[in-house]
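Input: a single structure, listed below in structure tokens.
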Amino acid sequence: MKPKSQVAAATMKDVAMKAKVSTATVSRALMNPDKVSQATRHRVEQAAMEVGYLPQSLGRNIKRNESRTILVIVPDICDPFFSEIIRGIEVTAAAQGYLVLIGDCAHQNQQEKTFIDLIITKQIDGMLLLGSRLPFDASIEEQRNLPPMVMANEFAPELELPTVHIDNLTAAFNAVNYLQDQGHQLIGCIAGPEEMPLCHYRLQGYVQALRRAGTTVDPHYITRGDFTFEAGARALEKLLALPKPPTAVFCHSDVMALGALSQAKRQGLRIPKDLSIIGFDNIALAEYSDPPLTTVSQPRYKIGCEAMLLLLEQLQGHSVSSGSRLLECELVLRGSTQALK
């Protein structure tokens, strides 16, 4: 790993050489951006991030110049799952005098330059990632020149970040195993996007539960959605069209489970008599659906709190090891599931 001293040693001259401009232009671009063209400013900012340069007056260790602002990158601000995590972050940050900015990755293309600008001009002290990816392209080398970062909810080992999350594989295994204990053998799975690590782990939990019970894993019983109500509805419609429809469905999120529940009712099924449905997350709406949803309850508020505390540790100059901090979750039994009769 690149020593911190090497990162700190980058100079304005290094930036100038990288951007192919004079040191005076670098100074203007970073201190008085209005005095240079947008193209020049962008080139200088990119160069500064690549070489790991921060103007001395904006340095992280000079307390009076700290922005005391955190950037939280959210995969989709419309997904109700993230609300409690963000509340945990906000409350913990506010207690230490930090402001929280929210960046929505669902509109990443428009936002990418804004995120980079915030970093280069030192308007943020650190970042919390609620998804598995950075909101812009950066190599492992370039990542070491970025402000401190912590990942919450997801786990992506290749980013080498401190991470707070649950054991998604075990949680999914336990949920599917519960359905098996209730006598269900034809169990469908409405999975999330393939590129998301947590979906990979939840699908593995489903697969392992089936294999443990000696059940053949049939890919026709696995459908995917993008964590929306509509995706859940479409996925269930597909599962119900199978020659032998499932008697129970495990969903990778409550939102998709609620979409599936609504679709089942539209097709004349009674829940849970004709079909048992399990969600994942325990969003507020899960308790108030009809029937209330059986789901895996994540400690979302605590995930936000713990992630923010890890980031504060780094901001205060303490070394924090990368890798997992696992929090407990539990299966909450409600009216959307019952034993197969």
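Restriction of the trypsin sites (Lys or Arg not before Pro) in the stretch 62-101 to DSSP coil positions whose beta-carbon has at most 16 other beta-carbons within 10 angstrom yields R68.
Could you check how much of the accessible area of the chain is carbon and sulfur, as a whole percent, using a 1.4 Å probe?
51 percent
Computed on the Cα atoms alone, the convex hull of the stretch 192-305 gives a volume of 110 cubic angstrom per residue.
Note on K238 and L327: the model spin-label points, each 7 Å out from Cα along the C-beta direction, lie 3.1 nm apart.
Most simply put, the stretch 213-341 has about 30% antiparallel DSSP beta bridges, counting only bridges with both residues inside it. One compactness figure for the chain is 1.16, namely its Cα radius of gyration divided by 2.2 N^0.38 Å. Annotation: amide H of I166 within the under-5 Å range of L327, sequence separation 5 or more or interchain, hydrogens built in the peptide plane.
Between beta-carbons, use under 9 Å as the cut-off and find the net charge around Y301, counting Lys and Arg +1, Asp and Glu -1. Don't skip to the answer; put the middle values down first.
Details: positive: R87, R300, K302; negative: E84.
Result for the neighbourhood of Y301: +2.
A dipole drawn for the chain from +1 and -1 charges on Cβ atoms has a positive end, and of L71, A213, V91 the residue lying farthest that way is L71. Charges were assigned to the Cβ only: +1 to each Lys and Arg, -1 to each Asp and Glu. The resulting dipole of the stretch 141-220 about its Cα centre is roughly 400 debye. With a Förster radius of 41 Å applied to the C-beta separation of T228 and H318, the computed FRET efficiency comes to 0.55. Fully extending the segment from K273 to E195 would add 24.7 nm, taking 0.36 nm per residue of separation and subtracting the current Cα-Cα distance. The mean sequence distance of close C-alpha pairs (under 8 Å, at least 6 residues apart), as a share of the length of the chain, puts its relative contact order at 17 percent. Close amide H contacts of V249 (hydrogens built in the peptide plane, cut-off under 5 Å, sequence separation of 5 or more or a different chain): G188, S276, I277, I278.
Summed over qualifying helices (DSSP H, 4 residues or more, each -39500 (n - 2.57)) and divided by its residue number, the chain shows a 222 nm mean residue ellipticity of -12500 deg cm²/dmol. Other residues whose C-beta falls under 13 angstrom from the C-beta of Q180 contribute a net charge of +1, scoring Lys and Arg +1 and Asp and Glu -1.
Can you figure out the FRET efficiency of Q38 with I102, using R₀ = 22 Å and their beta-carbon distance, to the nearest 0.05?
Plugging the Cβ-Cβ distance into 1/(1 + (r/R0)^6) gives 0.35.
Farthest toward the positive end of the dipole of the chain, out of F155, M17, A233, is the Cα of M17, where the dipole comes from beta carbon charges about the Cα centre. Remark on L101: its backbone amide H falls under 5 Å from those of I70, L71, V72, a criterion applied only to residues 5 or more positions apart or on other chains, H modelled at 1.01 Å from N. Take every DSSP beta bridge whose two residues both sit in the chain, then give the antiparallel share in percent to the nearest 5. About 10 percent, rounded to the nearest 5. Over the chain, accessible surface divided per residue gives 47 Å², non-protein components excluded, 1.4 Å probe.
A simple spin-label model places the labels of R266 and D181 3.4 nm from each other, with each point 7 Å out along Cα-to-Cβ.
The values are calculated or read from the model by the stated rules, or taken from the named source; none is laboratory data. All values reported here derive from a predicted model rather than from experimental measurement. Quick reminder, even Gly has a Cβ in these numbers, built from the backbone with ideal geometry, and neighbours come from all protein chains shown. Remember, those area values only see protein heavy atoms, side chains included, never the ligands or the DNA or RNA. Shrake-Rupley method; radii C 1.70, N 1.55, O 1.52, S 1.80 Å.
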